[in-house]
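The values are calculated or read from the model by the stated rules, or taken from the named source; none is laboratory data. None of the values given here were measured: they were computed from a predicted structure. So basically every Cβ, Gly included, is an ideal-geometry build from the backbone, and we count neighbours across all protein chains shown. Please note that ligands, DNA and RNA were not included when accessible areas were found on the heavy atoms of the full protein model with its side chains. Shrake-Rupley method; radii C 1.70, N 1.55, O 1.52, S 1.80 Å.
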Amino acid sequence: MTLSKNIRAVLFDLDGTLLDTAPDFVVVVNRLLAEYDRPPLPAETIRRSVSNGARALVCLAFNIDPEHTDFEPLRVRLLEIYSEHLAVHTALFPGLQEVLDQLNEWSIPWGIATNKPAAFTIPLMEQLDLKPACECIICPDHVAERKPHPESLLLAAKNLGCEPEHIVYVGDHRRDIECGQQAGSVTIAAAYGYIEDDDDVDSWGADYRVEHGSEILGILRGLVEPLVEA
């Protein structure tokens, strides 16, 4: 695609892209396993599955599928534990604070488009109290179709008063990139995120790939500064 220089907003996926939430999920999953007298899982094993949500974590931890009779009680309990452990160890990925600070200097709003339910996303963001503040949060509760459907980005664009092609979307999963592509946005693949062993980031077809959060700033600078200087 022809990359727009007229960037009006930057949106991030949440888990594995903007925030390193895995340390809290490691505690939560292993606490749930301990309740059932099961041995803990290695942190890295849990980390790779965090972007796939609570259902995937239950399947991983207990080696069951969603049709198993124990699945739903386990999922509910995992989320109960997580609701009490949202932001104990969670933090911005390295380099992301500098990105947010620069966006603030450019007067470019930033937001979140995530498949994480609002019941966890909103309290998490409130507890972290990031500055500069997030100006748009889109969760599954706000749309009819989850990512990879583009509805999240289309709604974000509407809320931010810009066209989706003037949005940069950063994500650590194929569904994020597909969502951005279908919306017509510029896409950045966060290869530093929660990538499963058998996944190939390059196969997602993102416009850009970054190995560290600090690299996002260089990409944005190339897209934004010609507009700022004009």
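Take the Cα of residue 84, step 7 Å along the line toward its Cβ, and report every residue of the stretch 20-53 whose backbone nitrogen sits under 19 Å from that point.
23-38, 40
Choose one of 66, 17, 54: the residue whose Cα lies farthest towards the positive end of the charge dipole of the stretch 1-78 (beta-carbon charges +1 Lys, Arg; -1 Asp, Glu; about the Cα centre).
17
When only C-alpha pairs under 8 Å and at least 6 residues apart count, what is the relative contact order of the stretch 26-94, in percent?
30 percent
Per residue, what volume in Å³ does the Cα convex hull of the stretch 137-230 take up?
104 Å³
Quick one: 3J(HN,Hα) in Hz for the stretch 142-154, Karplus 6.51/-1.76/1.60 with θ = phi - 60°, rounded, Gly and Pro as x.
3J(HN,Hα) across the stretch 142-154, in whole Hz: 9, 9, 7, 10, 6, 4, x, 4, x, 4, 4, 6, 5.
Please list 3J(HN,Hα) in residue order for the stretch 192-197, calculated via the Karplus relation 6.51 cos²θ - 1.76 cosθ + 1.60 where θ = phi - 60°; whole Hz, with x for glycine and proline.
7, x, 8, 9, 6, 4
Using the charge dipole of the stretch 58-105 (Lys, Arg: +1 at Cβ; Asp, Glu: -1 at Cβ; taken about the Cα centre), state which of 83, 93, 104 has its Cα farthest towards the positive end.
Working it through, the farthest residue towards the positive pole turns out to be 83.
Round to a whole number: what % of the accessible area of the chain belongs to carbon and sulfur, probe 1.4 Å?
48 percent
Pulled fully out, how much extra length does the chain show between residue 131 and residue 105, if you take 0.36 nm times their separation in residues and subtract their Cα-Cα distance?
8.1 nm
To check you understand DSSP bridge types, tell me what percent of the beta bridges within the chain (both residues inside) are antiparallel, rounded to 5.
10 percent
Report, please, the projected area of the chain averaged over directions, based on the convex hull of its C-alpha atoms, in nm².
Value for the chain: 12.2 nm².
With the contact rule set at Cα under 8 Å and sequence spacing of 6 or more, what percent relative contact order holds for the chain?
The value is 26 percent.
Pop a pseudo-label 7 angstrom from the Cα along the beta-carbon direction at both residue 214 and residue 196 and give the gap in nm to one decimal.
Calculated label separation equals 3.2 nm.
Taking the Cα centre of the chain as the origin, how large is its charge dipole in debye, to the nearest 20, when only Lys and Arg (+1) and Asp and Glu (-1) carry charge on their Cβ atoms?
300 debye
What's the FRET efficiency of residue 221 with residue 158 using the Cβ-Cβ distance as r and R₀ = 30 Å, to the nearest 0.05?
Numbers: r = 27 Å, r/R0 = 0.89.
After rounding to 0.05, the efficiency reads 0.65.
Could you derive backbone 3J(HN,Hα) for the stretch 32-41 from the dihedral phi with the Karplus parameters 6.51, -1.76 and 1.60 (θ = phi - 60°), listing whole Hz in sequence and x where the residue is Gly or Pro?
5, 4, 5, 4, 10, 6, 10, x, x, 9
Considering amide H positions built from the backbone, and no H for Pro or chain starts, which residues 5 or more places from residue 138, or on another chain, come under 5 Å of its amide H?
Correct list: 112, 113, 114.
Whole number in Å², please: accessible area per residue of the stretch 48-179, 1.4 Å probe, ligands, DNA and RNA not counted.
45 Å²
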